[in-house]
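The structure appears right after this line, and notes come after that.
The values are calculated or read from the model by the stated rules, or taken from the named source; none is laboratory data. This is a predicted model, so every value here is computed, not measured. For neighbour counting, all protein chains shown are included, and Cβ atoms are generated from backbone atoms with ideal geometry for every residue, glycine included. Accessible surface is based on the protein model in full, side chains and every heavy atom, while ligands, DNA and RNA are left aside. Shrake-Rupley method; radii C 1.70, N 1.55, O 1.52, S 1.80 Å.
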Amino acid sequence: ARWPNRLLVRVARARGLPASDLGGTSDVKLVLTCRHHRHTTAVHYNTLAHLWDETVEWHVTDPSAVLHLGAFDVGMVSKDRLLAQWHTTLKSLVLRHGGELEGWVALRDKRGVKQSHPGVGELQLHVRWSYEEGFAARCPPPPRLSAMEQMEMDSQETAWRIADFQNAKRFLDQGFPYEFDPRALE
């Protein structure tokens, strides 16, 4: 088997997103990012039944890369506001889902905290990270990043991974970054 090189993301629709406009609806767009790749969907105005059916393909080979989807309420006068988000590492996609995830995923709130039912909505997705012969010729790999650009990207991805207090506490309780007890060797 060859190392995966093609990330396919299809965003079908959303349900249960919070209403953020005066009329009880939202004007929502999704912003998909994975490393240097970025895609913004069409905006759906004055609705709570968001249907995008948009697909992107990106050249990604790093299993530590984070796929992040943010649902934004588009402001006519003000800045766009993050309503909800979802993320996964490509490594997690392989280990938990065999490289392919299809169905409804629960969104986290704008701080990255998982919400209980009814939460902040769900997205219907199809995500597949696989190898495709000749994909690099059709979709060339990205240019190399400078060390500073790579550090900024890594910092953002880390923030997405440990976005809420419970995740951060669990992360730190596991001995991150370096916890070594020499007595364990005795």
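Once all protein chains are placed together, W104 keeps about 80 Å² accessible to a 1.4 angstrom probe.
With N as its number of residues, the range 1-56 has a Cα radius of gyration that, divided by 2.2 N^0.38 Å, comes to 1.42. Ranking E149, E57 from most to least accessible surface, computed with a 1.4 Å probe over the protein chains only, gives E149, E57. Using a 1.4 Å probe and ignoring any ligands, DNA or RNA, find the accessible area of V56 and quote it in Å² to the nearest 10. Taking all protein chains as shown, V56 has close to 20 Å². With a cut-off of 13 Å between beta carbons, the residues surrounding A42 carry a summed charge of -1, where Lys and Arg count +1 and Asp and Glu -1. Accessible area per residue (1.4 Å probe, heavy atoms of protein chains only) ranks F72, F135 as F72, F135, with the largest value leading.
Ranked from largest to smallest solvent-accessible area, with a 1.4 Å probe on the protein heavy atoms, Y131, Y45 come out as Y45, Y131. Taking a ≥ b ≥ c as the square roots of the eigenvalues of the alpha-carbon gyration tensor, the range 84-151 is classed oblate because a/c is 1.5 or more while a/b is no larger than b/c.
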